[in-house]
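Every number here is computed from the coordinates shown, using simple stated rules; none is lab data. Keep in mind the model is a prediction, meaning the values are calculated, not measured. Don't worry about glycine lacking a Cβ; one is built from the backbone with ideal geometry, like all the others, and counts go over all protein chains shown.
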Amino acid sequence: MIGIGAGDPDYVTVQAISALNDTQVFFATDKGDTKDDLVALRRLICERFIEKPGYRFVELPDPKRAVDVPYEQAVNDWHAARARLWAQAIESELPDGATGSFLAWGDPSLYDSTLRILDRVADHVDFEFDVIPGITAIAALTARHRIPLNDIGEPVLITTGRRLRADGLSGAAVVMLDGDCSFRDCAPDTRIWWGAYLGTPDELLVTGTVGEVAEQITEIRAAARERHGWIMDIYLLRAAD
Ligand SMILES: C[S@@+](CC[C@H](N)C(=O)[O-])C[C@H]1O[C@@H](n2cnc3c(N)ncnc32)[C@H](O)[C@@H]1O
């Protein structure tokens, strides 16, 4: 399980390069959605860093998630179905003693289900795995804004747009997976550091207070999403003292 960093091929670590070069089969779990740019970036990373060609990509089928059952059960069933399919693919595509890899955007531990599913794959097929950490979108965001993540001795919550809207903000929070510009619900004097397509040539950065920049971010975000057909953005919020 290799974390490849969250956008810039230069985020790929020396440890990841070594693991890429040890891999015979790359298992791809992309859902064939509009994020072709991201699939292309993964292939680019392999081409750039792997010295000996001869590796293969194997697409893993993605079972449909049920819509007529409660959300948690639907996700659970979906993970179980994926685990069965992945186990079959590992058995049929990976010769004994060979190494297969999954590439995770950023770091595999952060809002990524692959490790959870791999845990279940182990119920079906015998294999061992290691995890290579990667540079997260959070690290990319703070580096590009040149800011510390936390105030001195203070905690930071990592959350989603949906949970920010439900729970409100107290202290500092990093918000990911937010399609709805949920920062607009925060008090106007909340500080925000926003970034999209971090580490790529299309990178966008905005900072200010919610009162000053919420509208600007909303407009830039909508235009960029329209232009690219997809967007990945993340932001840090700090409530006023
Ligand atoms: C499914 S999560 C995966 C996070 C990833 N594992 C990581 O370590 O950053 C995807 C979310 O990460 C954030 N993200 C990932 N890459 C990003 C980038 N290059 N620029 C801005 N946000 C990014 C966005 O909030 C996006 O909705």
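Tabulated data for the structure shown
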read-out	value
Selection from 209, 199, 188, by position along the positive dipole direction of segment 146-241 (Cβ)	199
Radius ratio Rg over Rh of segment 178-241, counting only Cα atoms, Kirkwood formula for Rh	0.97
Point-to-point label distance, residue 21-residue 40, nm (Cα→Cβ direction, 7 Å offset)	2.8
Segment residue 187-residue 127, extension gain: residue separation times 0.36 nm, minus the distance between their alpha carbons	16.6 nm
Most mobile of 69, 131, 206 in a GNM of the chain (Cα contacts under 10 Å)	69
Global geometry of segment 29-140, whether rounded, prolate or oblate, following the gyration tensor of its Cα atoms and the 1.5 cut on a/c	oblate
Karplus-derived 3J(HN,Hα), 6.51/-1.76/1.60, for each residue of segment 106-122, Hz, glycine and proline x	x, 10, x, 8, 10, 6, 8, 8, 4, 5, 4, 6, 4, 4, 6, 4, 4
From phi via Karplus (6.51, -1.76, 1.60), per-residue ³J(HN,Hα) for segment 181-188 in Hz, x at Gly/Pro	6, 5, 4, 5, 7, 7, 4, x
Burial ordering of 65, 221, fewest other beta-carbon atoms within 10 Å first	65, 221
Simple Cβ-charge dipole of the chain, Lys/Arg +1 and Asp/Glu -1, about Cα centre, in debye nearest 20	280
Alpha-carbon centroid distance for the pair segment 176-193 / segment 144-165, whole angstrom	12
Paramagnetic reach from residue 160 (point 7 Å along Cα→Cβ, amide N under 13 Å) across segment 93-124	111-113
Cβ-based exposure ranking for 55, 11, in which fewest neighbours within 10 Å come first	55, 11
Interchain or long-range residues, amide H under 5 Å from residue 106's placed H	4, 5, 6, 7
Computed FRET value (nearest 0.05) for residue 152 with residue 111, which takes r as the C-beta separation and R₀ as 25 Å	0.40
181, 186 arranged by Cβ crowding within 10 Å, fewest neighbours leading	181, 186
Leading residue at positive end of dipole, the chain (Cβ point charges), from 168, 220, 24	220
Inter-label distance for residue 180 and residue 58, nm, one decimal - labels placed 7 Å from Cα along Cα-to-Cβ	4.0
Gaussian network model of the chain, springs between alpha carbon atoms under 10 Å - residue of 195, 171, 134 with greatest fluctuation	171
Global geometry of the chain, whether rounded, prolate or oblate, following the gyration tensor of its Cα atoms and the 1.5 cut on a/c	prolate
Alpha carbon centroid spacing (whole Å) that separates segment 201-241 from segment 48-63	34
